[in-house]
Amino acid sequence: MNDFKSIILILFSLFISCEDNFQEIKKINNYDNFPIGIAEDIKLIYTDSAKVKAILTSPVHKDYTNQDFPYSEFPVGIKITFFDENKNATIVTSNYAVTYNKTNIVDLVGDVVINIHDGSVLKTSQLFWDPELEWLFTEEKFSFKNIDYDIIAKRLDANRSFTIFNTGQLDGKVMVEENENIINEN
């Protein structure tokens, strides 16, 4: 009888010491957090009216369009080559990228570099791009260099061709044209 009491006491203490880990086990086995597809060494060619507009390459692409807020991830980096109407190439690279399907915003992170066909270069640690509006923006420090500019600043808000260029906390050189009418009036 003592053995029976001992066994019941051991089982009772085991039962009391066990926690309900069902939720943790459920999280571990949650397949909703996994991509629905993984592709390696991808090359996507975007065309419009039989003209190549962009070529995207990446070592790894993960498709999370099965999520409530669908997105695609490029965890090992991305390279996008854009072509304008004159077939001039602009190359964008980063160490990591995410595209959000509902907003069409692209988040480029880590050693983001834009090499524009005219020799202009933009460098930053993070850059958001809206392909529909062809708009670039960041709150991070960036550098931009071309024949008219050699600047380092924090915050960028610009169109894709950099003809509209807003920034904050500017440090660098900017070429300014003098207007003879203004100079002669003074």
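For a paramagnetic label modelled on Phe69 (point 7 Å from Cα along Cα→Cβ), amide N atoms under 14 Å away belong, within segment 91-107, to 98-107. Sparsely packed loop sites in segment 38-95 (the GluC sites (Glu not before Pro) outside DSSP H, G, I, E and B with at most 10 other Cβ atoms within 10 Å) comprise Glu85.
Under 5 Å between amide hydrogens, built in the peptide plane, is the criterion, and for Val76 it picks out Val60 among residues at least 5 positions away or on other chains. Listed values for segment 52-64 are Karplus-derived 3J(HN,Hα) couplings in whole Hz (6.51 cos²θ - 1.76 cosθ + 1.60, θ = phi - 60°), namely 6, 9, 7, 10, 10, 10, 7, x, 9, 10, 10, 9, 10, and x replaces Gly and Pro. The phi torsions of segment 96-106, fed into the Karplus equation with coefficients 6.51, -1.76 and 1.60 and a -60° offset, translate into couplings of 7, 8, 9, 10, 9, 5, 6, 9, 6, 8, 10 Hz, rounded to whole numbers, with Gly and Pro shown as x. Residue pairs exceeding 27 angstrom between C-alpha atoms, taken from Lys51/Lys154; Lys62/Lys145; Lys53/Lys123; Lys43/Lys145; Lys43/Lys154; Lys87/Lys154: Lys51/Lys154; Lys62/Lys145; Lys43/Lys145; Lys43/Lys154; Lys87/Lys154.
Computed from backbone phi, the HN-Hα couplings of segment 110-122 come to x, 6, 6, 9, 10, 9, 8, 4, 8, x, 5, 9, 10 Hz, rounded to whole numbers (Karplus: 6.51 cos²θ - 1.76 cosθ + 1.60, θ = phi - 60°; Gly and Pro given as x).
Counting Lys and Arg as +1 and Asp and Glu as -1 over every other residue whose Cβ lies under 13 Å from the Cβ of Thr103, the net charge comes to -2. Here the simple spin-label model places points 7 Å from the Cα toward Cβ, and for Ile147 and Leu133 these points are separated by 3.0 nm.
No lab work stands behind these numbers, since they all come straight from the coordinates. Just so it is clear, the model here is predicted, and its values are computed rather than measured. All Cβ positions, even for glycine, are placed from backbone atoms using ideal geometry, and neighbour counts span all protein chains on display.
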